[in-house]
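Heads up: the structure comes next, in structure tokens.
The values are calculated or read from the model by the stated rules, or taken from the named source; none is laboratory data. All values reported here derive from a predicted model rather than from experimental measurement. No Cβ is skipped: glycine too gets one built from the backbone with ideal geometry, and neighbour counts run over all protein chains shown. Quick note on the areas: whole protein, heavy atoms, side chains included, nothing else; ligands and nucleic acids left out. Shrake-Rupley method; radii C 1.70, N 1.55, O 1.52, S 1.80 Å.
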Amino acid sequence: MLVEGVWTENWQPVQAKDEQGRFVRQTSSFRHWITKDGAAGPTGNAGFKAEKGRYHLYVAYICPWASRTLMLRELKQLQDYISISIVNPVMTDQGWQFDGYADATADHLNGYQFAHQLYTHADPKFTGRATVPVLWDKHNNVIVNNESADIIRMLNSAFDHLTGSKMDLYPAELAEQIDTLNEEIYHLLNNGVYKAGFASSQFAYEEAYQGVFNTLDKLEAKLADGRSFLFGEQLTETDIRSFVTLIRFDAAYYGLFKCNRNLIAQMPYLSKYVQRILALEGIGNTVNIEHIKQGYYSLKALNPAGIVPKGPENIA
């Protein structure tokens with residue numbers, strides 16, 4: 001936790017809680033947008049024009065929010081346009097750390113040891129948690145955005161005039177339906193597993209648990225008609241948002257977060273859906289089962305002995 005630009009305490013997973021013990025997630029702080037011509041986006045300031053090599057993503061393989069930005073980078077063929085750094089999956093007392101683990105990287109861009117140093121670089125008086133993903137502007141040495149929902153939306157279209165990509169994960173004709181289902185999936189599933197895992201009362205845990213499995217049952221029923229993706233045969237942003245939670249479920253959320261009614265592997269349509277998305281070109285590059293297990297099971301508040309389960313060994 002940073003307070004006025006100073007690291008003040010050892011990292012803790014629970015950011016805040018309400019009076020009934022519900023886990024409350026921090027709101028993202030940097031909300032600028034990359035656009036085709038550098039005009040202002042829906043939030044933040046203008047001045048972030050889509051250019052090859054200008055931007056950098058700081059991510060964690062363990063983190064579902066960061067991984068969805070990695071998925072967009074692959075699907076939209078932005079590997080040569082946006083460089084990346086990958087943090088160590090094991091959370092330290094100062095939060096995310098660079099290097100020191102297989103498949104993690106150093107911060108080759110700024111040379112920092114911890115992700116929180118990026119935040120104080122961008123804002124010397126920053127107060128809050130230093131989260132990933134971080135979308136960084138190399139030209140101006142600032143954070144563009146640290147909200148994954150914004151980042152995947154901008155990556156869907158901002159660079160198309162440069163790359164020639166025709167893939168659209170947020171088509172206008174489905175936009176209203178996508179926004180509606182995104183909202184439900186975020187609160188009840190994406191963040192719902194965290195609400196269950198970090199609940200500080202039985203009531204809060206059971207409420208979150210019910211929301212998680214109600215949503216999984218709804219998605220399973222939706223896929224039961226043989227469709228490939230949630231809105232038919234077209235991959236959308238909602239599939240990306242769902243996948244990042246589903247791919248981590250059996251390895252982490254089922255056990256550590258007590259979301260243990262059943263595994264995704266025991267839900268036939270969802271299981272095949274996960275495998276279908278994982279088989280898309282480049283998506284396997286965004287999933288690292290060892291980082292996922294090592295990262296989640298390094299959370300001392302939930303697993304003080306630090307014992308990492310042997311299974312599952314496969315990602316689907």
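Here N285 clears all of (1) open to solvent by 40 Å² or more (accessible area, probe 1.4 Å); (2) closer than 15 Å to V90 by Cβ; (3) in a helix (DSSP H, G or I) except the condition numbered (2).
Scan the range 79-99 for residues that are acidic (D, E) and under 19 Å from T286 (Cβ atoms) and the total you get is 1.
Entry remark, the range 288-316: residues being outside any loop (DSSP other than H, G, I, E, B) and of a type in the set (F, W, Y) number 1 in total.
Among the residues of the range 224-257, the ones that are touching a residue at least 12 places away in the same chain (Cβ under 8 Å) and in a loop (DSSP other than H, G, I, E, B) come to 10 in all.
Taken over the range 265-299, the criterion of being under 21 Å from the mean Cα position of the chain (by Cα) and farther than 27 Å from L57 by Cβ is satisfied by L270, S271.
Hey, could you check the range 195-211 for residues that are assigned to a helix (DSSP H, G or I) and aromatic (F, W, Y) and say which is farthest from the chain's Cα centre (by Cα)? Reasoning before the result, please.
Pass one, the range 195-211, residues assigned to a helix (DSSP H, G or I): 195-197, 202-211.
Cutting the leftovers down to aromatic (F, W, Y) gives us 203, 205, 209.
On the way: F203: 26, Y205: 22, Y209: 20 Å.
Of everything passing the filter in the range 195-211, F203 is farthest from the chain's Cα centre (by Cα).
The one condition from (1) polar (S, T, N, Q); (2) modelled with pLDDT of 95 or more; (3) within 19 Å of the chain's Cα centre (by Cα) that T131 does not meet is (2). In the condition set (1) more than 28 Å from L280 (Cα to Cα); (2) touching a residue at least 24 places away in the same chain (Cβ under 8 Å); (3) assigned to a helix (DSSP H, G or I); (4) of a type outside the set (F, W, Y), D150 is compliant with all but (1). In the range 11-33, of all residues being at pLDDT 70 or above and more than 17 Å from the chain's Cα centre (by Cα), the one that is most open to solvent (accessible area, probe 1.4 Å) corresponds to E19.
Could you please let me know if R73 is touching a residue at least 24 places away in the same chain (Cβ under 8 Å) and either of a type in the set (V, I, T) or within 23 Å of A252 (Cα to Cα) (or both)? Steps first, answer last, please.
Working: touching a residue at least 24 places away in the same chain (Cβ under 8 Å): yes; either of a type in the set (V, I, T) or within 23 Å of A252 (Cα to Cα) (or both): no.
No.
Residues that are open to solvent by 60 Å² or more (accessible area, probe 1.4 Å), in contact (Cβ under 8 Å) with a residue 24 or more places away in the chain and over 25 Å from L256 (Cβ atoms) within the range 158-211 comprise H161, L162, M167, Q177, listed in sequence order. Do we find a residue being aliphatic (A, V, I, L, M), under 30 Å from Y170 (Cα atoms), modelled with pLDDT of 95 or more and open to solvent by less than 40 Å² (accessible area, probe 1.4 Å) anywhere in the range 95-114? No, that holds for no residue.
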